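Novice: Just dropping this structure here.
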Amino acid sequence: AKATLNQTICFYEVSMDEAARGRRALANDLWEAVEKNQLALHYQVQKSVTTGEVIGYEVLLRWNHPERGMVPPNEFIPLAEECGAILPIGEWVLREACREAAGWDSQHKIAVNLSPVQLANGDVVSLVHAILVETGLDPKRLELEITESTIIDDKQRALLTLRDIKALGVTIAIDDFGTGYSSLETLRSFPFDKIKLDKSFMSEVEGSPQAKAIIRAILALGHSLQVPVLAEGVETQKQLDILHAEGCDEAQGYLLGRPAPIVSVVGVRTEAA
Ligand code: C2E
Ligand code: CA
Ligand code: CA
Ligand code: CA
């Protein structure tokens, strides 16, 4: 029994070691991902529920790792936040997305995800400003998506930074709304420009009267604050019909368009790359 126990411990330690080594290796690779041109942006359309017109595109990061293939953002973004690589990566995302959108014929918006680590970094306001100047993108066309966890960490400072970003003419959306425990508190403390209803509500809306009641309440809340509400993760026509009936403003999800490289979502580019 003792031998088995020792073996178990050894095996456990070895696999922990490997997991840790794997993470370290991945973190190292992350620092080089920008320079080595391994990052790519995908864009997912956001549409008006009532008119179906395109409002903008959410920018979603992809990492094409030479050995591991496509690493999904949920696997590498937390790691990039831990090791600090999110700063150069986030800067690259912002610059690329603004440059891309500035070249479109349309005036559609781009919605870029901003990590709490980026927001906590003192330079974020001047960075956003510099990139807008450099790319010539109209600030009104840039929306930054932040989650509530972004604000919880150092609330006063985060709110001041968001205020400075808004003063540039950029809009701020609150992402994954309804999943945090302090949603109402967050809404009360900052004038957000959009509420993004977390996609977990969509997966439940057809079967759960509770989910539907909460969606209805969030829509009422958004509308009394005069803030549009966007539903994420819309996959079926039935879900879209419910959103329409409930008066939801905007929608995003596989039904309306999957995230894809820009050429396939907007069509032929106006300029040669
Ligand atoms: P998110 O900001 O909530 O982004 C929406 C996620 O939902 C995306 O996953 C998108 O592909 C997925 N999605 C879109 N429509 C549907 C649908 O109809 N059904 C379902 N089930 N999913 C749908 P993705 O691209 O894997 O990104 C995951 C998360 O990684 C994002 O969640 C965001 O938190 C983070 N992320 C992605 N790009 C960036 C970035 O450039 N910077 C930062 N800081 N985070 C990013
Ligand atoms: Ca988002
Ligand atoms: Ca979201
Ligand atoms: Ca998320």
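The values are calculated or read from the model by the stated rules, or taken from the named source; none is laboratory data. Just so you know, these numbers come straight off a predicted model, no measurement behind them. Positions of Cβ are backbone-derived with ideal geometry, glycine not excepted, and every protein chain shown enters the neighbour counts.
Novice: Of the residues in the range 186-204, how many are outside any loop (DSSP other than H, G, I, E, B) and either within 16 Å of ligand 3 (Cβ to nearest atom) or under 19 Å from residue 119 (Cα atoms) (or both)?
Specialist: Going through the range 186-204 one residue at a time, the tally reaches 13.
Novice: Go through the residues of the range 210-218 one by one and say whether even a single one is within 21 Å of residue 171 (Cβ to Cβ) and either surrounded by 17 or more Cβ atoms within 10 Å (Cβ to Cβ) or modelled with pLDDT of 95 or more (or both).
Specialist: Looking through the range 210-218, at least one residue is within 21 Å of residue 171 (Cβ to Cβ) and either surrounded by 17 or more Cβ atoms within 10 Å (Cβ to Cβ) or modelled with pLDDT of 95 or more (or both).
Novice: Next question, about the same structure. Mind listing whichever residues of the range 146-159 are under 14 Å from the mean Cα position of the chain (by Cα) and not in a strand (DSSP E or B)?
Specialist: 147, 148, 149, 150
Novice: Is the range 139-159 home to any residue that is small (Gly, Ala, Ser), within 16 Å of ligand 1 (Cβ to nearest atom), surrounded by fewer than 18 Cβ atoms within 10 Å (Cβ to Cβ) and closer than 27 Å to residue 219 by Cα?
Specialist: yes
Novice: Please enumerate the residues belonging to the range 18-37 that are touching a helix residue (DSSP H, G or I) at 6+ places or on another chain (Cβ under 8 Å) and either at pLDDT 95 or above or more than 15 Å from residue 94 (Cα to Cα) (or both).
Specialist: 23, 26, 27, 30, 31, 33
Novice: Is there a residue in the range 187-204 that is surrounded by 14 or more Cβ atoms within 10 Å (Cβ to Cβ), away from ligand 2 (no atom under 16 Å from the Cβ) and closer than 14 Å to residue 49 by Cβ?
Specialist: no
Novice: Let me ask something else about it. Among the residues of the range 160-185 satisfying the criterion of being touching a residue at least 40 places away in the same chain (Cβ under 8 Å) and part of a loop (DSSP other than H, G, I, E, B), which is surrounded by the fewest Cβ atoms within 10 Å (Cβ to Cβ)?
Specialist: 168
Novice: Take residues that are in contact with a Cys (Cβ under 8 Å, 6 or more places away or on another chain) and tell me which of the strands (runs of 3 or more DSSP E) falling wholly in the range 20-130 contain 1 or more.
Specialist: 109-113
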